[in-house]
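Below is one structure, written out as structure tokens, with a few remarks after it.
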Amino acid sequence: MSDALLRTPFPERAGAALKDKFLQEALKIATTKFIDLRKESFAGFPQGEALRDRARAIKEATLQHLDVHLERLADNVERLGGQVHWATTAGEAREMVLRLCRDRGVRMAVKSKSMATEEIDLNEALEHAGVTPVETDLGEYIIQLAHEKPSHIIAPAIHKTKGQVAELFSRELHGEFPADPEVLTAVARKALREKFLQADMGITGANFAVADTGTVVLVTNEGNGRMVTSLPRIHVALIGVEKVIPSMTDLVVFLAILARSATGQKLSSYTTLVRGPRRAGELEGPEELHLILLDNGRSRQIASTLREALYCLRCGACLNVCPVYRQIGGHAYGYTYPGPIGILLTAMLKGNESVRELAHASSLCGACKDVCPVRIDIPRMLVELREHLDREKIAPWTERVVFKALRRLLLSPTAYRLSATVGRLAQRPFIRDGRLRGLPLVFGQWTKTRDLPPVAARTFRERWKELR
Amino acid sequence: MTGRAEFLERIRREVSKTPGLFGASTATRPADPATAAETVRRELAERWPQALERFRGEFERVAGVFHRVPDLAAVPAAIGAIAREHGALRAVTWDPAALGFDAAPALTREGLEVVAARAGQEDEAARLRHREQAARAQLGVTGADLVLAETGTLILLSGSGRPRSTSLLPDVHVAVFGRDRLVETLEQVGVMLEALHVDPDRAMSGAMINFITGPSRTADIELTLTRGVHGPKEVHAIFVEAP
């Protein structure tokens, strides 16, 4: 995300989103629809719950031997004639792609939707090096033309109206196009078909990589994933190290729950298994396959706070149910990965400092954990993250002082009892309509946007003495 | 640039530091995939009518068009009807050997210009020529290696005489299959993929496997469902009754 945007504090970014009427409407419609589709799809799928447990166990077991699985994956990709590259940082990954472009004379690369390439800002680097990157997922294509960033992991352009898309296409593709999704889709099909046939390189991420067989697995609905892995002469797949799974038997467990969680489909239109470059006797397919394994801060978390975030399948289900995401959308988060899981992934990739504000952009209601196909305990990690921010003195000093005081209070029964009495007296001037409002000092930060129930006239402890 | 050894060493170090590991295991692979696959096939030899019904229901739910013909001789007429409905003039097909029958003569009689891929073609000129032909064709005719009932999915392996573009570039994709291709569940597909992987004859046959569940679709503009973004706008499955 642009630095200019990030210089705006999060509350202001969120405030702007809240005032954007269209965004509010679009978010409500989109997230509600996704929630319903998901619910419906799991309702008719009794084995879904057991499969989610199974999938979670597979992710955990794989992480426990991640080195072994990665080695096996690399060996098998190489056995099939592919080349494996190891990128510790985003910069290294970018450099690898650029070097391939330079060495092979690549002028244009077609891309299927990949959060990993967003994460390393690959498009900017390619453009800078004179290579034209073309996003081919319709949503990604729209936001690339508009010079924006994705606002949802699986529906990157949900913040745009069909009218805006029509205007954008008319301007960028030189035509007069009506605000009709069907027509606009046909326009994109035609424009992008040419690119697929011309491009020298196809760039993808992957949903999974199967160690046993050296297979890169792509799940798409539009068919662009198939195009970019079938037509250009070079295929580059960039994947986070956590995408590796052991076997085909494991793969089908994930396939059974991934699309259901994301869009409510039983399977997405296309699941594409790429087993190395084109084989002898095969007419089509790339002559070269490069698999770039990206660490970029992931391995640091294997034995740390955010370990579970490495289970993430990038389905987007936690975004749809999050009361914060539903209000502010993806852009206000300011980083590649929005929503509850996005906060954790941002902390993983960019460091804790980057989420000092975002760590609090959650009500800890737990809806994200409930819908996560692999049951990632996002609320627990958010709390731990807040604790880290406090300990590392990244959190603002006011916050740290308040929490320190609160800790003392809660640890001592006497202090706690006393605080109730003091609170009861001190709160009097601020009670209106039976709620606490407009508190002074730092407490005002809370009551500016929310109210609080007042301290009860008699506490439970006082009543308990009589009750027993 | 980081080398493989250094990269893996870092991962190994972090893995070994992990505190409080709990027992977790991956899915259990079949000990003998070939035998497991054989068992699945045997079971389905009995249950194919149920599997077919289920496939039909799910396939139609994802906007697939299902056809049923008595034998291979009736396939060209069925394809011809689809072509007429779309005003299609050109078709590409897999190699007759991969397809199990030669569709070209009958389809030509139906008025279609037909290009069949040929096994063994793999030079650059042939590649570009075929791509051009597939991009111009309105109809692509393939077989299906597995037909998955649970989700209404056609599973196609690429390979010699089975170009990837046949089921991708034309507006309409037609897949022809018989009862021996049916499986019921994704779990069974897992078994079949494990078996494929250990089968020395087939493991290296083609580099791509595609699961196709209905036509290409998107909902990226205001969540309006639209078909035929990049891939086919329509998918037809023709079931051939005669074993």
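The values are calculated or read from the model by the stated rules, or taken from the named source; none is laboratory data. Bear in mind that the values here come from a model prediction, so they are computed numbers and not experimental data. Don't worry about glycine lacking a Cβ; one is built from the backbone with ideal geometry, like all the others, and counts go over all protein chains shown. Heads up: the accessible areas ignore ligands, DNA and RNA and are worked out on the full protein's heavy atoms, side chains in. Shrake-Rupley method; radii C 1.70, N 1.55, O 1.52, S 1.80 Å.
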- [ ] Take the alpha carbon atoms of the range A:326-372, find their center, do the same for the range A:117-162, and report the distance between the two centers in whole angstrom.
- [x] 20 Å
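Heavy atoms only, probe 1.4 Å: what % of the accessible area of the range A:1-111 goes to carbon and sulfur, would you let me know?
Details: 2980 of 5430 Å².
Reported share for carbon and sulfur atoms: 55 percent.
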Task: At least 10 Å² of accessible area lost relative to the chain alone, listed for the range B:50-82 with a 1.4 Å probe - done: B:58, B:61
Task: Approximate spin-label separation residue A:12-residue A:45, in nm, with each point projected 7 Å along Cα-to-Cβ - done: 4.3 nm
- [ ] Count charges around residue A:308 for me, please; just the other residues with Cβ under 13 Å from its Cβ, Lys/Arg as +1, Asp/Glu as -1.
- [x] +3
- [ ] Over the range B:101-156, with every protein chain in place, what whole percent of the accessible area is carbon and sulfur at 1.4 Å, could you tell me?
- [x] 47 percent
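Over all alpha-carbon pairs in the range A:61-177, figure out the percentage whose distance exceeds 19 Å.
Numbers: 4079 of 6786 pairs.
So the pairs more than 19 Å apart make up 60 percent of the total in the range A:61-177.
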TODO: Please find the FRET efficiency linking residue A:427 to residue A:403, where r is the Cβ-Cβ separation and R0 is fixed at 25 Å, and quote it to the nearest 0.05.
DONE: 0.80
Open item on the list: Quick one: the Cα spread of the range A:15-73 along its three principal axes, in angstroms, biggest first?
Closed with: 50, 33, 17
TODO: Treating the Cα atoms of the range B:1-87 as identical point scatterers in vacuum, please give the log10 of the normalised Debye intensity I(q)/I(0) at q = 0.12, 0.14, 0.24 Å⁻¹, two decimals.
DONE: -0.75, -0.81, -1.18
Open item on the list: Set the bar at 31 Å for Cα to Cα. Now go through A:28/A:195; A:33/B:17; A:113/A:448; A:190/A:266; A:162/A:266; A:21/A:243 and name every pair that lies beyond it.
Closed with: A:28/A:195; A:33/B:17; A:113/A:448; A:21/A:243
Open item on the list: I need the shape label for the range A:67-108. Rule: rounded when a/c is under 1.5, else prolate if a/b > b/c, else oblate, with a, b, c from the alpha carbon gyration tensor.
Closed with: oblate
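About its Cα centre, how strong a charge dipole does the range A:269-388 have in debye, to the nearest 20, once Lys and Arg get +1 and Asp and Glu get -1 at the Cβ? Please report the intermediate quantities before stating the final value.
Values: 14 positive and 12 negative charges, 43 e Å.
Taking the Cα centre of the range A:269-388 as origin, the dipole is about 200 debye.
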TODO: May I ask you to find the residues of the range A:152-170 that are shielded by at least 30 Å² of accessible area once the whole protein assembly is considered instead of their isolated chain (probe 1.4 Å)?
DONE: A:162
TODO: Starting from the Cα of residue A:32, step 7 Å along the direction of its Cβ; do the same at residue A:53; then give the gap between the two resulting points in nm.
DONE: 3.5 nm
Task: When the range A:86-133 is reduced to its Cα atoms, the Kirkwood hydrodynamic radius in Å - done: 10.8 Å
- [ ] Please determine, in degrees from 0 to 90 and to the nearest 10, the orientation of helix A:413-426 with respect to the longest principal axis defined by the Cα atoms of chain A, where the helix direction is its Cα long axis.
- [x] 80 degrees
Open item on the list: Would you report the distance distribution of C-alpha pairs in the range B:121-218 as whole percents per 5 angstrom bin, up to the bin with the largest distance?
Closed with: 3, 12, 21, 23, 20, 12, 8, 2, 0
- [ ] Between residue B:203 and residue B:73, with labels modelled 7 Å along Cα→Cβ, what's the label distance in nm to one decimal, could you check?
- [x] 4.3 nm
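For Cα pairs less than 8 Å apart in space and 6+ apart in sequence, what is the mean separation divided by the residue count of chain A, i.e. the relative contact order in percent? Could you put the intermediate results ahead of the total?
On the way: 748 pairs, mean separation 86.4, N = 468.
The normalised contact order for chain A reaches 18 percent.
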Task: Of A:345, A:378, A:412, farthest towards positive along the dipole that unit charges on Lys, Arg, Asp, Glu beta carbons give the range A:330-463 - done: A:412
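Using the Cα centre as the reference, give the magnitude of the dipole from point charges on the C-beta atoms of the protein assembly as shown (Lys, Arg: +1; Asp, Glu: -1; all else neutral), rounded to the nearest 20 debye.
Values: 96 positive and 88 negative charges, 699 e Å.
That gives the protein assembly as shown a dipole magnitude of about 3360 debye.
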- [ ] Would you work out the relative contact order for chain B, in percent, from Cα pairs under 8 angstrom that are 6 or more residues apart?
- [x] 25 percent
Open item on the list: So, for the range B:1-109, what is the accessible surface per residue at a probe of 1.4 Å, expressed in square angstrom?
Closed with: 55 Å²
Open item on the list: Please compute the contact order of the range A:242-340 in relative form: average sequence separation of alpha-carbon pairs under 8 Å and at least six residues apart, divided by the residue count, as a percent.
Closed with: 20 percent
Open item on the list: Explain nothing, just the number: dipole magnitude of chain B about its Cα centre with +1 on each Lys and Arg Cβ and -1 on each Asp and Glu Cβ, in debye rounded to the nearest 20.
Closed with: 460 debye
Task: Per residue accessible area of the range A:152-255, 1.4 Å probe, in Å² - done: 26 Å²
Task: Degrees, to the nearest 10: B:124-136 long Cα axis against longest axis of chain B - done: 60 degrees
Task: Chain pair B, A: total accessible area buried, heavy atoms, 1.4 Å probe, Å² - done: 8100 Å²
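Which whole-number percent of Cα pairs in the protein assembly as shown have a distance greater than 47 Å?
Values: 54229 of 252405 pairs.
Of all Cα-Cα pairs in the protein assembly as shown, 21 percent lie more than 47 Å apart.
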Open item on the list: If I fit a long axis through the Cα atoms of helix A:378-391 and take the longest principal axis of the Cα atoms of chain A, what angle between them do I get, 0 to 90°, rounded to 10?
Closed with: 70 degrees
